[in-house]
Amino acid sequence: MDASSVSEFDYLFKLLMIGDSGVGKSSLLLSFTSDTFEELSPTIGVDFKVKHVTLGGKKLKLAIWDTAGQERFRTLTSSYYRGAQGIIMVYDVTRRETFTNLSDIWAKEIDLYSTNQDCIKMLVGNKVDKENERVVTKKEGIDFAREYGCLFIECSAKTRVNVEQCFEELVLKILDTPSLTSEGSTTVKRNNIFSQKPPVSDDSASGCC
Amino acid sequence: MASSSKKVHKVEDDSEEEEEFEHFDDYTLASSWERFISEIEAVCRQWLASGPKNLLEKGAVPSGEPKNLYKVKSELKYAMKNYCMEYYFEISNAGIRKPADWNSSLHDLQLSFGVKEFMVIAPQSANGVILDSPEASKLLSAVAIAFSNCSSLWPAFVPVHDPSRKAYIGIQNMGTVFTRRFEGDLIATQVPVKLMHLEGLYELFVSKFAFSSSDLSTHFFRVHFTMKLTYKTLPYDDDNEEIKSEYEINESGQDNGVDNRNKLQWDDDCPWSEWYTAEDPLKAFELIATWDEKTVESSMEMAELENVSIHEAHKWFIVPEFSSYLMGDYMGHMVGFASQLGLLIDALAISLDVKFMEDFVSGLFEASGSDKLKSSAVVPPPTVLDRVLKDLCHEGPEVISPESRHKSSRIIKGAPLETLFAQFCLHSLWFGDCNIRAIAVLWIEFIREVRWCWEESQPLPRMPVKGTIDLSTCLVNQKLQMLAICIEKRRQQLDSHQDGVGDSNSDSPSVEVEANEDLSHTLRAKESLIKESHSTSTSNANLESSNNNNTRRGSAGVVETMMLLNSPNYMHAPFTQDPPIMTEDMHEERLRAVEVLGDSFNFSGQLEKDILSSDMSAFKAANPEAAFEDFIRWHSPKDWEDDSSSSSSSRKKWPPGGKLSDRMSDPGNSWRKIWNDAPPLPASEQKPLMDPNREGEKILHYLETVRPHQLLEQMVCTAFQAAADTLNQTNFGGLKNMTTKIDQLYPTMASALRPLQANKFPGDPEIIEDLKRLCVVFEHVEKLITLAASLHRKFLHAPRLSQTIFNNFYNFYLPKMGKASVGGDTNKELVNKKEEVRVNERDVVTSMFIQPSANQSWRKVLSMGNLLNGHEPITREIVFSLRDRMDSSYHAPKSQWSHEQEIETHRMYICGTSNDLRVALSVTSCD
């Protein structure tokens, strides 16, 4: 944001985590940022973490916003969608309603509040460590991701299975999308829109699993 | 003809080599004229031998008008004069053309004399070709001799007199027996009345082969006749009142009122007409009606043809005439949104170094030595300023409908078209000449009005007071949106003070609300309202609330499915405070604050904690006996684990069984801490999460001190968006190409405007350049929309025609888009393409030829006949021909005529307007 930080990283990306309360958003974030897992207090409103990573030869600063799932906070969290390059939709594979709410509630919230047309969406099924309690199959997750045009991964914040991959995949996809990288870029590197093809339409920008 | 000449080449190809030795000519003895002839002959032989294909390879050039016609040329010298010989030939010569095929485009000579390939020889001189008749005949006979020497069958033409007369003489060797002679000339003034009419023209033709005038009346000749009439509508620009009355007929079906002569612009009901008037891109239409060949036997018959209805013509074509600004001749000079946006960008470019908008007005800017602001930057007089402000702030629509926006409009950070800031931007485009000083004056006065609304607690015009702040809009719009909400809150406060507090709650004594300084009127109103409705619907609740008369406050009603844990009462949902609203800069401020705090382990937004605390207080007030668990069950149901799977029977079971989730029951849980600290207070008595007075003042401070370049950046984005949204409302009948173009415009604008929104490189000259280019793109789209709208309204009942004409133009125009200047008119024939009118569309086209008013018909003396709604044709072209049956044995066996029994002995092409008459005659005779 400020001038002194320009040299520290090439890109600043804003990521947002949404989903019902108790699906493990905060745990997932903690697992990613500090390699630990613990029982956390429910988020009040919003939480925020920064992580520096190097991916694809680029130094990246990730600002990850972790929102509360409670309905009461929803009107307020809507503002955090603003300018996010990536949105992580989390559900709990052991609780079906957290999965169905993604399409009933959360996907609509994205359409409503996201200011970034090309922003990358990622579907994450958490708590796969509780395999015997699983009620949402992997196939259902894939089908939803395909329909909604987003990335998909299953992981466990507890065992840290796929946690790194989850964020990496999302960030790599963002790096692949020129309109998003130009936003997050800190270096003076503007594309002249008139000397090249018209901007990529959203169809091609939203990936699939 | 081509086939015959090819056969001739073949013979010569074989013998050419030897011939050059055998026919050795001693030019020293020959006269200069003889040398000239042999020179022509040599060139001709060369061309004959090459054939069209080789000539193309040797650099034949397209001749222009008919696309498949090419020419080669050669220069010759004779008697101190230079001559130029040109051979015209066609490349795709599929089939033999009908005597007069009006549908295909032809070279003038082809049309006049009914020939296909031909040769023209003319003197080369800088000041045009002037040949007197003897010189012309001499030249022609030279060609004739040369051609017969090399057995060329090409017709050859020589221009006579000055070029404007288009007079030619010509000759063609048609094989062994026949020779065709050509002659054409023009009467430029004072055409004899007789020759203005079909009857007279017919007699002129007949006189060319009838031996005496007595013959004319007694003898019937079977003369073949075809005709092409071209009409032109009155220019649209001159006679707007006519068009208006026409549309009244079309749309209302009513009779044309005589008094309806108000001067109305053609685009009066187009969305842009609020801001400017566009020149009608369609100047006029030409209607071409053609008659197929028919046989005429007497001049009587011809006279009748002059009264025949144009509806009997076999084919109709329509040719649009586009305004020159559309054709790119005046690129950048069309006044429209694009031109004004360009000026706004200029203003942006010079706004960077100035601190406040006031500086542009006070002259501080000029005094600082900058000469960028020219002294010509005129500010319109106060009357204009008053009118604009009145329109902006006092005449807004009641309801704002965001539905009219284009689906992609949201990707540009501007403001919805109908809202205050978008209208301000559109007004400033047309305020003065959109110079920075005029903008500054308008802005300062505008903000003064806004401040007045705030001080007087008057609702902001053109701003919705409901809903959340749309963060996809520009900051100024967000601020205005928030200000409107703050004003609304203030008004509610004022109302509640004026009304007297007790009134609204007097009939529900169960709820006790005390007047409080920070008390929100809405909350209290809501409380009493819901209280009433619930007291009737759920008697149970009513009973309970009266039981706890003195303690329960701020309940929004009973949560019917839930009993409290510690007392056998239903849970009450409390009224809660609206979450505070924030503009994007406030969000950013929070984000920065968070970043400074770093990713401390247990960060949670203070604001969210305040909200949670507020909710808890309200819950405690509404449920005096409630425990923390009760709050969690209501607020975060997923953190409460029911003992049994809930069913309807367990609804009223008390106490409810279950426990908090692990994370909620954690001893260090921050929720419980907040719960313990929260006092029981209904929302209406709490300190408000947002103070409208404070926030409102902050917003006005922002608006009054906004940096000029920040304002201008937002204005540019908003103005582009609003201009596009305005144009997008144009009704053009859903032309597909146009819709696609508009769909493309939004992403293009979005990506060009993005650097402005990111606010990263203020004043980067490259950004300004990009924006200028965006203006050019915008201008193209604007022009196309103007055309589409104009076409749509003219062909309301023949959508196919408007679509085809638009597509033709679009295809012509498309390659030029994205270029600053439209150079050359290489594709002009694409634009002036004839479009066939189908029979069911003829009425629409006819209705465009409205009866000329007395004033208009007075200008012209009608003289030709063949009227269409009182319009005379602008040109009338006729081809007469006379054919004779010939014995095929007469002809050369290789001749093309062998399979056609008849040959055209006489042909006359006549092209007449009301002022002149051109006649071209070809006569085939047996010499």
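The values are calculated or read from the model by the stated rules, or taken from the named source; none is laboratory data. Keep in mind the model is a prediction, meaning the values are calculated, not measured. Reconstructed Cβ throughout: ideal geometry from the backbone, glycine too, with neighbour counts over all protein chains shown. All accessible areas refer to the heavy atoms of the entire protein, side chains included, with ligands and DNA or RNA removed. Shrake-Rupley method; radii C 1.70, N 1.55, O 1.52, S 1.80 Å.
Selection of the stretch A:8-45 for residues being assigned to a loop (DSSP other than H, G, I, E, B), open to solvent by 10 Å² or more (accessible area, probe 1.4 Å) and more than 9 Å from every other protein chain (Cβ to nearest Cβ) yields A:ASP10, A:GLY24, A:ASP35, A:THR36, A:PHE37, A:GLU38.
Taken residue by residue, the stretch A:68-80 has no member that is touching a Leu at 6+ places or on another chain (Cβ under 7 Å), more than 8 Å from chain B (Cβ to nearest Cβ), open to solvent by 10 Å² or more (accessible area, probe 1.4 Å) and not aromatic (Phe, Trp, Tyr). A single entry from B:SER4, B:SER74, B:SER38 fulfils the requirement of being open to solvent by less than 50 Å² (accessible area, probe 1.4 Å), modelled with pLDDT of 80 or more and within 54 Å of the chain's Cα centre (by Cα): B:SER74.
Just so you know, in the stretch B:657-671 the residues that are assigned to a helix (DSSP H, G or I) and farther than 12 Å from B:LYS638 by Cα include one that is most open to solvent (accessible area, probe 1.4 Å), and it is B:SER665. Report whether or not B:PHE732 is more than 10 Å from chain A (Cβ to nearest Cβ), open to solvent by less than 10 Å² (accessible area, probe 1.4 Å) and touching a residue at least 60 places away in the same chain (Cβ under 8 Å). When the stated conditions are applied, B:PHE732 does not pass them.
Limited to the stretch B:460-493, what total is found for residues that are of a type in the set (Val, Ile, Thr), within 14 Å of another protein chain (Cβ to nearest Cβ) and surrounded by fewer than 23 Cβ atoms within 10 Å (Cβ to Cβ)? Within the stretch B:460-493, residues that are of a type in the set (Val, Ile, Thr), within 14 Å of another protein chain (Cβ to nearest Cβ) and surrounded by fewer than 23 Cβ atoms within 10 Å (Cβ to Cβ) number 2. One residue stands out among those in the stretch B:782-820 that are among the small types (Gly, Ala, Ser) and part of a loop (DSSP other than H, G, I, E, B): the one that is modelled with the lowest pLDDT, which is B:ALA820. The set of residues in the stretch A:111-138 being within 13 Å of chain B (Cβ to nearest Cβ), without any contact (Cβ under 8 Å) to a residue 40 or more places away in the chain and not hydroxyl-bearing (Ser, Thr, Tyr) consists of A:ASP111, A:LEU112. Across the stretch B:672-684, the qualifying residues are those that are open to solvent by 60 Å² or more (accessible area, probe 1.4 Å) and in contact with a Ser or Thr (Cβ under 8 Å, 6 or more places away or on another chain), and the one among them that is nearest to the other protein chains (Cβ to nearest Cβ) is B:ASP677. Loosely packed, with under 15 Cβ neighbours inside 10 Å and touching a residue at least 40 places away in the same chain (Cβ under 8 Å): is that true of B:LYS687 in this structure? It is true that B:LYS687 is loosely packed, with under 15 Cβ neighbours inside 10 Å and touching a residue at least 40 places away in the same chain (Cβ under 8 Å). Highlighted here are the helices (runs of 4 or more DSSP H) found entirely within the stretch B:140-254 that include at least 1 residues which are at pLDDT 85 or above: B:198-207. Whether any residue in the stretch A:128-149 is touching a Gly at 6+ places or on another chain (Cβ under 7 Å), modelled with pLDDT of 90 or more and under 29 Å from B:TRP640 (Cβ atoms) is what I want to check. Taking every residue of the stretch A:128-149 in turn, at least one turns out to be touching a Gly at 6+ places or on another chain (Cβ under 7 Å), modelled with pLDDT of 90 or more and under 29 Å from B:TRP640 (Cβ atoms). For the stretch A:81-94, the set of residues classified as at pLDDT 90 or above and either surrounded by fewer than 20 Cβ atoms within 10 Å (Cβ to Cβ) or more than 11 Å from chain B (Cβ to nearest Cβ) (or both) consists of A:GLN85, A:GLY86, A:ILE87, A:ILE88, A:MET89, A:VAL90, A:TYR91, A:VAL93, A:THR94, listed by residue number. Apart from one condition, B:LEU591 fits all of (1) part of a helix (DSSP H, G or I); (2) within 13 Å of chain A (Cβ to nearest Cβ); (3) closer than 27 Å to A:VAL23 by Cα; (4) at pLDDT 85 or above; the exception is (4). Taking B:ILE91 as the residue in question, decide whether it is open to solvent by 40 Å² or more (accessible area, probe 1.4 Å), modelled with pLDDT of 85 or more and of a type outside the set (Lys, Arg). So B:ILE91 does not fit the description; no.
For the stretch A:152-169, indicate whether the set of residues that are under 28 Å from B:ALA750 (Cα atoms), out of contact with any Ser or Thr (no Cβ under 7 Å at 6 or more places or on another chain) and modelled with pLDDT under 95 is non-empty. Yes - at least one qualifying residue is present in the stretch A:152-169. Residues that are modelled with pLDDT of 80 or more and over 18 Å from B:SER309 (Cβ atoms) were ranked within the stretch B:865-890; the one that is surrounded by the fewest Cβ atoms within 10 Å (Cβ to Cβ) is B:ILE874. Considering (1) surrounded by fewer than 19 Cβ atoms within 10 Å (Cβ to Cβ); (2) in a helix (DSSP H, G or I), the lone condition that B:ARG754 does not fulfil carries the number (1).
In the stretch A:46-58 there is no residue that is facing chain B (nearest Cβ under 10 Å) and in a loop (DSSP other than H, G, I, E, B). Exactly one of these conditions fails for B:ARG448: (1) open to solvent by 50 Å² or more (accessible area, probe 1.4 Å); (2) under 28 Å from B:HIS780 (Cα atoms); (3) modelled with pLDDT of 85 or more. Give me its number. So the condition that B:ARG448 fails would be (2). The single condition among (1) of a type in the set (Asp, Glu); (2) under 21 Å from B:GLY668 (Cβ atoms); (3) at pLDDT 85 or above that A:ASP20 does not meet is (2). Exactly one residue out of B:SER528, B:SER457, B:SER496 is open to solvent by less than 40 Å² (accessible area, probe 1.4 Å), assigned to a helix (DSSP H, G or I) and modelled with pLDDT of 50 or more, and it is B:SER496.
Remark: B:THR804 falls outside the filter, which requires a residue to be within 9 Å of chain A (Cβ to nearest Cβ) and open to solvent by 10 Å² or more (accessible area, probe 1.4 Å).
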